[in-house]
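This report concerns only the one structure given below.
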Amino acid sequence: MSTTADGQAATVDVHTLGGTFDEAAVDQWELAAAQRALKNLKAVASGQVMVDLLADQIEAGDQHVKELLAASDGTYRESRTEFTVRGLTGTGLAEWFQSQWRKSQADADFDNKTLFFNAHPEHYGAPPHYRGGNVEMIGGHLIRFKAVALSELPVEVRSFYAPEYPVPLMNALLTLDDDTPFAYCVHQARDTETGSDVVVRVLYPSAAPDSLIEGHCRHLAIEFRTWIRSAAAGR
C-alpha cells in the first residue's frame, strides 16, 4: 500500500493469466524472488570471493567490535529470542542439530553449508579456511567470525545459562579473525506437552547498543525459525 499526493491510501489488485491477486500475494512473490537472487549470488560469489568483495566493510566491523569490547570491561549482555514450538519437541530439535553438525564436533558449523547460509539473507559466507563461522550483519556492521563449540561456558557468561531449559542445543564461542573473543552463543530448549519452548541467545559486550541487541533478536528469529522448520520437516 502506498500514499497518493492528496494523502489517500492507494492499493492495487494484480491480474495475471493465473487469476487476480492482492498486494499480500505480490509481497510473497517479491520475497521469494529476493531469496532466489540471494541464493544465486551466494553460490556464485562464495568463500574467499565474497570475503574479498566485502573486505573494507569487514575491516570496519572488526574495529567496531574491538571498540565495544574495550568499553565493556569483560562484561556481557544478551540478545535473546524465545520460540513456542508446536509439533516438535526440544529433544527432537536437539537431535536434529546434532545430526547436522560437522562430525568432528570441534566447531559450531553445519555439514550442509547451504542449510546454514540460506537460513538468513544476511549470512554472506565464511572464509574457506574457517572450520566454522560466518560473515554476517550484526548491529549494522559486517562481522567476520569463527565459531567454536564449547562443552562448558566460561565464568563470565555462565550466569546466562537457564537451568529451566534442560535440553542443550549449542554453546559456542565467537572470535574475530585474529582470535579475539567477542561473543557467546547459548541455545537451549525444553519439551512441552505440545512441542517445545526454545530460547536462543547471543551474548555481546555490554557496551553493545540496544539497536544491536534488538536487531540480533530479529536475526535469531529468522534463522532459528528456518532451522526449526527444517528439523520438523526432517522428522
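The values are calculated or read from the model by the stated rules, or taken from the named source; none is laboratory data. Owing to the predicted nature of the structure, the values given are computational and were not obtained by experimental measurement. Quick reminder, even Gly has a Cβ in these numbers, built from the backbone with ideal geometry, and neighbours come from all protein chains shown.
Name, by its number, the condition in (1) of a type in the set (A, V, I, L, M); (2) over 22 Å from Glu214 (Cα atoms); (3) touching a residue at least 60 places away in the same chain (Cβ under 8 Å); (4) surrounded by fewer than 17 Cβ atoms within 10 Å (Cβ to Cβ) that does not hold for Ala94.
Of everything listed in (1) of a type in the set (A, V, I, L, M); (2) over 22 Å from Glu214 (Cα atoms); (3) touching a residue at least 60 places away in the same chain (Cβ under 8 Å); (4) surrounded by fewer than 17 Cβ atoms within 10 Å (Cβ to Cβ), Ala94 misses just condition (4).
Pairs please, first residue from segment 142-159 and part of a loop (DSSP other than H, G, I, E, B), second anywhere and of a type in the set (D, E, K, R), Cβ atoms under 9 Å, 6+ apart in sequence or on different chains.
Correct list of pairs: Glu152/Arg158.
Kindly establish whether Gly87 is modelled with pLDDT of 90 or more and either surrounded by fewer than 17 Cβ atoms within 10 Å (Cβ to Cβ) or over 26 Å from Asp197 (Cα atoms) (or both).
yes
Just checking, how many residues over segment 66-96 are in contact with a helix residue (DSSP H, G or I) (Cβ under 8 Å, 6 or more places away or on another chain) and assigned to a helix (DSSP H, G or I)?
Summing the residues that are in contact with a helix residue (DSSP H, G or I) (Cβ under 8 Å, 6 or more places away or on another chain) and assigned to a helix (DSSP H, G or I) in segment 66-96 gives 3.
Hey, among the residues in segment 162-211 that are of a type in the set (Asp, Glu) and in a strand (DSSP E or B), which one's farthest from Phe83 (Cα to Cα)?
Asp191
All but one of (1) among the β-branched types (Val, Ile, Thr); (2) within 22 Å of Phe83 (Cα to Cα); (3) surrounded by fewer than 15 Cβ atoms within 10 Å (Cβ to Cβ) hold for Val155; which doesn't?
(2)
What pairs come out if I take residues in segment 8-30 that are in a helix (DSSP H, G or I) and pair them with residues that are surrounded by 10 or more Cβ atoms within 10 Å (Cβ to Cβ) whose C-beta lies under 6 Å away, six or more apart or interchain?
Sorted first by the residue in segment 8-30, then by its partner, the pairs are Val26/Val14.
Across segment 44-82, what is the number of residues that are within 22 Å of Glu136 (Cα to Cα), touching a Ser or Thr at 6+ places or on another chain (Cβ under 8 Å) and either aromatic (Phe, Trp, Tyr) or surrounded by fewer than 13 Cβ atoms within 10 Å (Cβ to Cβ) (or both)?
1
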